[in-house]
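A.B. asks: Dropping the structure in here first, questions after.
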Amino acid sequence: MRKTAGIIGVAAVIIVAGGVAAPWYTGKRIEQEFRQGVEQLSGSVPMEVTRYDRGWRTADAVTHAVIDTEDGPFEFDIHHHITHGPWGFGWAHIDSTPDFGEHQDTVAHYFGDQTPIEATTTVGFGNDVNIDWHSPAFDATDVPETPGARLAWGGMEGHYRLDGDHTTTRVSIPSLNFQGKESSLILNALNLDGSGAGGPDWPDVDNFWDGRFRTTLGQLDFQDDAENVALKLGMDGQGQLRDNGDDGLSMTGSWQFSNVVLKDPALAEPVIINNATQTLALKHLPREATRTLLIDLSSIDESLNEDQATALIQQRLLRYLGDALEGTPSAEITVAGLNTPQGSLEGKLALDFDPMEAGQDPMTTALKRGHLTLDMASDKALLTHLMAFSNAGARPEQTLAGLEQEGLLVRDGDRYRMDVEMNSRDLRVNGESHPELYMMLPLLLMSLGS
């Protein structure tokens, strides 16, 4: 009996000692992970740990961040209260709130005594990470920097989850309303959802190609009377990147716009679109070249100006096009419905390529290997409007009559249609061969490669 009691006593001591030591050991590991995580984030937003006080069950840390703005660097601290596991929530629970220092009075002008944004992070026993953040709403408030202006904020909710090397993100902004004497901005029902590969090992992860996103916007209404600029629209866009095994990669996307109004001094008249739907499907894409392109585009130096960045993007896209044409890529663009006050347009463009023979140049053989089809139909009033819109000196009626006479457009009541088929031997428009147009295509490809 004494021996049994001794064993039980030793076991009790081990359990108690383990219970005491576990939070201490977990806290030490959490501090290491916390510092590594801040170091990783500092690659995009300059950030550093300025204080970390670790106790037995809890810790308090401060990180300092700097965001570059047009008015100069915006510096602030973030306070983190960390509860160590292992308890029911997992390994760690972190509550984070910002301290805006010298900017605190400006923030309080809008949010009062509310915390402008707060985040809660939980690290589970499976090392999954969940982050929830919240920004409270505030009613219309005067904007001190802009006399006569008022700003209202509908709040924000967000969630991020990292499970292994898979991430999901969700952000919801119900409303934003700015009203000034010469400009205004109204945003309603903005929602962003995405999922895909991520985590500290990105981009060297097995599921690199698992990516999806969706963005919906109930209403955007921007007006600047001083610049005579205006933009209104609603939007629903989504896309997907996936690996199809032996068929290579595919990228698909679709966009739906509604109630679009664009007004700009550079335009002869406002652009008005009642609604429009467009889809894009790219298939049989090369894995390594696509991986390189996506990594390169995500790591473009932010210090470059717009012209430098555009030139770099064009260079990388052209290089990628050459790599893609070494295989058998295909592209399909569909305009399911473009409805305007002047009429509607719909069409479909498809392009695919035969396999390339050994030793051939992908760019120079693209015309020979390519197959193109185009089906388009449009109301005459819309075509006339587009021609006049793009060229003030255009003569739409005469141009349409000439294209119809040449067989490039076919009249069907008040609508025109065009059917194009191109292969390695011929270019046919509405069933008729047009060798003169076919001979002009190499010049276009040469201009792309120059």
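FYI, it's all coordinate maths here, none of it is from the lab. Keep in mind that this is a model prediction, so the values were computed, not measured. FYI the Cβ positions are ideal-geometry reconstructions off the backbone, even for glycines, and counts take in every protein chain you see.
A.B. asks: Taking 4 °C and 1.567 mPa s as the conditions, I'd like the Stokes-Einstein D for the range 327-449 in µm²/s, using the Kirkwood hydrodynamic radius from alpha carbon pairs. Display every interim value, and only then the final one.
C.D. replies: Details: Rh = 16.2 Å.
Once the numbers are plugged in, D ends up at 80 µm²/s.
A.B. asks: Right, something else. Which of these values of Rg/Rh (Cα atoms, Kirkwood Rh) was calculated from the structure shown: [x] 1.00; [y] 1.08; [z] 1.04?
C.D. replies: Step by step, Rg/Rh (Cα atoms, Kirkwood Rh) for this structure corresponds to label [y].
A.B. asks: Using the crude model of +1 on Lys and Arg Cβ and -1 on Asp and Glu Cβ, and no other charge, please compute the dipole size for the range 327-449 relative to its Cα centre, in debye to 20. Don't skip to the end; give the middle numbers.
C.D. replies: Details: 10 positive and 18 negative charges, 43 e Å.
In debye, rounded to 20, the range 327-449 gives about 200.
A.B. asks: Moving on to the next point. Using the Cα gyration tensor of the range 189-287, with a ≥ b ≥ c the square roots of its eigenvalues, what is the shape: rounded (a/c below 1.5), prolate (a/b larger than b/c) or oblate (neither)? Provide the component values of the computation, followed by the final result.
C.D. replies: Working: a/c = 2.93, a/b = 2.25, b/c = 1.30.
Prolate shape, in that a/c is at least 1.5 and a/b is the bigger ratio.
A.B. asks: On to the next question. In what order do S299, S433, S172 fall by count of nearby beta-carbon atoms within 10 Å, going from fewest to most? Numbers along the way, then the final one.
C.D. replies: Numbers: S299 10, S433 13, S172 16.
Neighbour counts put them in this order, fewest first: S299, S433, S172.
A.B. asks: Would you list F125, F138, F353 from fewest to most Cβ contacts within 10 Å? Don't skip to the end; give the middle numbers.
C.D. replies: Numbers: F125 11, F138 17, F353 23.
Ascending Cβ contact count within 10 Å gives the list F125, F138, F353.
A.B. asks: Which value, in debye to the nearest 20, describes the size of the charge dipole of the chain about its Cα centre when Lys and Arg Cβ atoms bear +1, Asp and Glu Cβ atoms bear -1, and nothing else is charged? Mind dumping the intermediate values first?
C.D. replies: On the way: 32 positive and 67 negative charges, 297 e Å.
That gives a dipole near 1420 debye.
A.B. asks: Distance cut-off 24 Å, Cα to Cα: go down the list K283/K380; K348/K380; K348/K368; K232/K380 and report the pairs above it.
C.D. replies: Numbers: K283/K380 34 Å; K348/K380 18 Å; K348/K368 22 Å; K232/K380 26 Å.
In this structure, K283/K380; K232/K380 exceed 24 Å between Cα atoms.
A.B. asks: At R0 = 41 Å, how high is the FRET efficiency between A377 and D128 if r is their beta carbon distance? Nearest 0.05 is fine. Could the numbers behind the result be given before it?
C.D. replies: Values: r = 51 Å, r/R0 = 1.25.
So, using R0 = 41 Å, E works out to roughly 0.20.
A.B. asks: Using the 10 angstrom Cβ neighbour count as an exposure proxy, how do K28, K283 rank, fewest first?
C.D. replies: Details: K28 13, K283 17.
If I rank by nearby Cβ atoms, fewest first, I get K28, K283.
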